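Structure record follows, encoded as structure tokens.
The values are calculated or read from the model by the stated rules, or taken from the named source; none is laboratory data. Values in this document were obtained by computation on a predicted structure and should not be read as measured data. Quick reminder, even Gly has a Cβ in these numbers, built from the backbone with ideal geometry, and neighbours come from all protein chains shown. Side chains included, ligands, DNA and RNA excluded: accessible areas come from the protein's heavy atoms. Shrake-Rupley method; radii C 1.70, N 1.55, O 1.52, S 1.80 Å.
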Amino acid sequence: MTTIRREVLTLPAAPLGPDNPLPPLRPLDEAHRIDDRDRADLPRDMARQVDYEPLRSLLPVQVRDGYDRERAPRELDALVIENDRLRATVLPALGGRVASLHHKPTGRELLYVNPVLQPANFALNGAWFSGGIEWNIGATGHTTLSCSPVHAARVRAPDGGEMLRLWEWERLRDLPFQVDLWLPDGSDFLYVGARVRNPHERPAPTYWWSNIAVPEDCRVLAPADEAWHFGYERRLRRVPVPEYDGVDRTYPPNSTYAADYFYEVPDGRRRWIAALDEHGHGLVQTSTDALRGRKLFVWGSGPGGRRWQEWLTEPGTGGYCEIQAGLVRTQLEHVKLEAESEISWLEAYGPLDAPPEGDWHSVLRGAEERLEAALPRADVDAAYDAWLPHADAEPGERLATGSGWGALEVLRAGWKLPGTPFDEDTLGAPQRPWLHLLRTGSLPEPARPEPPGPTLVARPWRDMLETTAATPLAEYHLGVAQWHGDDRAQAVRSWERGLKTAAERWPLLRCLAVADQEGGHHERAADQYAEAFDDLCAHRPDGPDAGPDAADGAGGDGPPWPAVAAALGREAVGALLAVGRTADARAVWERLDPATRARGRFRLTEAELLAAEGRTGEARAVFDEGFEVADLREGAESIGLLWARLDDAPLPARHDFRMRPDEG
């Protein structure tokens, strides 16, 4: 009998820390953009989908950058689904990630299992970790739910056994989704039924890639003779498979730099991808035809790729690559999900044994025959047909709780979403002010000084903000919603109106500073940032300028003032340095908390400040003392650029995260 049980997984883990409390107003820092030179050569449908609603803003999601690299043993709640052949371990508090898929008859682990939990800046909103199978929904990149909880419950499976349902509300696109996992008795394959719904009265851009980490010492097979190659030089080009530039790229260690290979699977061909070790053992993923795309991601054998591999786990651990499956050919595309419609498909994950060496077409043919013998294509289609009527089944025992954002949206719109209940009892503190606005038409004023909290930006919420009382807090949130809606002049007017009566000015001043930066008014932006930081220091209960009641509200359950000061201070220093105001930047730096200044990100900021002051020897000494920028962004080059200003020597290996061949 298939069973689902709770378990506790203990791993060395770095804490996630607090989210960045400042709304992400700047355009998305997205590395996955196409050079205009390549657009003319794209197939028409691909070009249309590349241009369709690319994500330009993270709002209403907050950035997760409060983590560090100090790992300690941590207990993680896990849900284990198991039959007599397979055991799948799922982490509901971390996006529903399948952390392990163990094949019991052979004793083999089919995935790359990360021995640590180390957040790094790869998700759209920051914190992400490597390993296992993740469910990427939203927009190009790793989902904002990578390190967030999802709802989980038991549901009756199509064969009468138990099924594990995961579901949540994806906030970037405002869409609910679900993932159903089950193991039929005697099956060597984990079945996954997935569904994305659009309850709105308008079309919505949709994105999905199932991302599977596997050990990189393998050969990756997919039924294709061509692939779309995308590297971090932002070129998208059609290349032959398996060899490109005289190298067989289906062996991940053969590539020097990080790259994506999106396989061009012919229409009518079975959709599958496999990773097999030198002995021909490994994992295969297959699906119904709705999940069209297949991809290989490699880190490459160059120093930057190896450094990233170490960064995401620990030295001495074997590397990994990713095999993926998505709704379209490439991850640069989004598809239109029509109003009040849904899209669904079925995936299957299991072991595959097939010879990996030899002529490409012979290897593919042999692997496809083995797959068909183990799991016929017709059986996958039949499993999908059997699952679909169960997709609306109401969950039974609740096993984990996600966020309250879905419950808030359901309350607002009155949607009926069979199978994925977003119950009112999941509403929490982040949703409380918005529930008050929904029910009373007004935003509640906080009882004590605290940061404004997350903002909702969808049109219905913006409409409510436009009709509520024009308090400074309401004008702040309204301006953020208007900014997100690309009504930037009106956003500035709202923030300026709020300033006239605001007791705490720093949230509004910071928004105006970003608006000035985006408008090219850098000197004025620097003024706004300096004033905002001064105001924050004057008002934060635990700050350097606080009065005798500083302890009030500064406890562990109070607002995250150190996180606010760190986020605002980092932006202020950058803005002041950009216009050459080193003395003012130094003044901000000196008022940051000592614990903040000791973090790796701020050691880099200190080195940049010292270099701007002409104190290059002291800036160079920061490198000698050593630091680690925990939230270094994928593709970021800031460390290397600063090093080049300070020293003619090669960039030290511990700071070499280069992901493309043409960097200086």
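Remarks
- The residues of the range 338-373 that are part of a strand (DSSP E or B) and either hydroxyl-bearing (Ser, Thr, Tyr) or open to solvent by 10 Å² or more (accessible area, probe 1.4 Å) (or both), listed by number, are SER341, GLU342, ILE343, SER344, TYR349, PRO351, ASP353.
- Residues located in the range 314-358, provided they are among the hydroxyl-bearing types (Ser, Thr, Tyr) and either at pLDDT 95 or above or under 28 Å from PHE177 (Cβ atoms) (or both): TYR320, THR330, SER341, SER344, TYR349
- Scanning the range 473-503 for residues that are closer than 18 Å to GLN528 by Cα and surrounded by fewer than 22 Cβ atoms within 10 Å (Cβ to Cβ) gives ARG488, ALA489, VAL492, ARG493, GLU496, ARG497, LEU499, LYS500, THR501, ALA502, ALA503.
- Residues in the range 62-79 that are over 19 Å from GLY402 (Cβ atoms) and in a strand (DSSP E or B) were compared, and the one that is least open to solvent (accessible area, probe 1.4 Å) is ALA72.
- One residue stands out among those in the range 80-120 that are β-branched (Val, Ile, Thr) and open to solvent by 30 Å² or more (accessible area, probe 1.4 Å): the one that is nearest to ASN136 (Cα to Cα), which is VAL113.
- Any hit, the range 611-627, residues being touching a Phe, Trp or Tyr at 6+ places or on another chain (Cβ under 7 Å), at pLDDT below 95 and outside any helix (DSSP H, G or I): no
- Test: residue in the range 418-430 that is of a type in the set (S, T, N, Q) and over 25 Å from the mean Cα position of the chain (by Cα): no
- One residue alone among VAL298, VAL247 is among the β-branched types (Val, Ile, Thr) and in contact with a Cys (Cβ under 6 Å, 6 or more places away or on another chain), and that residue is VAL298.
- The set of residues from the range 409-441 being touching a residue at least 40 places away in the same chain (Cβ under 8 Å), closer than 25 Å to GLY453 by Cα and surrounded by 18 or more Cβ atoms within 10 Å (Cβ to Cβ) comprises GLU409, PHE422, THR426.
- Among the criteria (1) part of a helix (DSSP H, G or I); (2) under 22 Å from HIS522 (Cβ atoms); (3) within 32 Å of the chain's Cα centre (by Cα), the one ASP486 does not fulfil is (1).
- Flag for PRO389 being modelled with pLDDT of 95 or more and part of a loop (DSSP other than H, G, I, E, B): no
Results for (1) under 22 Å from ARG620 (Cα atoms); (2) part of a helix (DSSP H, G or I); (3) modelled with pLDDT of 90 or more; (4) touching a Phe, Trp or Tyr at 6+ places or on another chain (Cβ under 6 Å), shown as yes or no for each residue.
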site	(1), (2), (3), (4)
GLY543	no, no, no, no
ALA563	no, yes, yes, no
PHE602	yes, yes, yes, no
ALA607	yes, yes, yes, no
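- Residues located in the range 258-314, provided they are basic (Lys, Arg) and in contact with a Phe, Trp or Tyr (Cβ under 8 Å, 6 or more places away or on another chain): ARG294, LYS295, ARG306, ARG307
- Which numbered condition ARG660 fails, given (1) charged (D, E, K, R); (2) more than 18 Å from VAL573 (Cβ to Cβ); (3) part of a helix (DSSP H, G or I): (3)
- Inspection of the range 245-261 finds a residue satisfying the criterion of being closer than 22 Å to GLU347 by Cα and crowded, with 19+ Cβ neighbours inside 10 Å.
- Unique match (being of a type in the set (D, E, K, R) and more than 27 Å from THR455 (Cα to Cα)) among GLU53, GLU75: GLU75
- Residue within the range 640-652 that is outside any helix (DSSP H, G or I) and open to solvent by less than 30 Å² (accessible area, probe 1.4 Å) present: yes
- Residues that are under 25 Å from THR596 (Cβ atoms), open to solvent by 20 Å² or more (accessible area, probe 1.4 Å), modelled with pLDDT under 95 and assigned to a helix (DSSP H, G or I) do not occur anywhere in the range 511-531.
- Cβ pairs under 6 Å, 6+ apart, first in the range 518-537 and over 28 Å from ARG56 (Cβ atoms) and in contact (Cβ under 8 Å) with a residue 24 or more places away in the chain, second in a helix (DSSP H, G or I) and open to solvent by 50 Å² or more (accessible area, probe 1.4 Å): ALA530/ASP584
- Residues (in a loop (DSSP other than H, G, I, E, B) and surrounded by fewer than 21 Cβ atoms within 10 Å (Cβ to Cβ)) located in the range 300-312: SER301, GLY302
- Only one entry in PRO376, PRO395 is farther than 30 Å from THR471 by Cβ and surrounded by 15 or more Cβ atoms within 10 Å (Cβ to Cβ), namely PRO395.
- Positions within the range 145-163 being open to solvent by 10 Å² or more (accessible area, probe 1.4 Å) and assigned to a loop (DSSP other than H, G, I, E, B), in sequence order: LEU145, SER148, PRO149, PRO158, ASP159, GLY160, GLY161
- Contact annotation: residue pairs with Cβ atoms under 8 Å, 6 or more positions apart or on different chains, pairing a residue in the range 634-663 that is closer than 26 Å to GLY141 by Cβ with a partner that is of a type in the set (Ser, Thr, Tyr) and open to solvent by less than 30 Å² (accessible area, probe 1.4 Å), are GLY635/TYR232; MET659/TYR232; ARG660/TYR232.
- Residues of the range 170-213 satisfying the condition of being open to solvent by 20 Å² or more (accessible area, probe 1.4 Å) and of a type in the set (Ser, Thr, Tyr): TYR191
- Any hit, the range 38-48, residues being outside any strand (DSSP E or B), touching a residue at least 24 places away in the same chain (Cβ under 8 Å) and under 23 Å from the mean Cα position of the chain (by Cα): no
- Selected residue (criterion: farthest from ASN20 (Cα to Cα)) from residues of the range 443-472 that are assigned to a helix (DSSP H, G or I) and open to solvent by 60 Å² or more (accessible area, probe 1.4 Å): THR467
- Some residue of the range 316-326 being farther than 27 Å from TRP128 by Cβ and open to solvent by 50 Å² or more (accessible area, probe 1.4 Å): no
- Residues within the range 449-472 that are under 24 Å from ASP535 (Cα atoms), out of contact with any Asp or Glu (no Cβ under 7 Å at 6 or more places or on another chain) and not hydroxyl-bearing (Ser, Thr, Tyr), tallied: 7
- Test: residue in the range 266-278 that is over 27 Å from LEU101 (Cα atoms) and surrounded by 21 or more Cβ atoms within 10 Å (Cβ to Cβ): no
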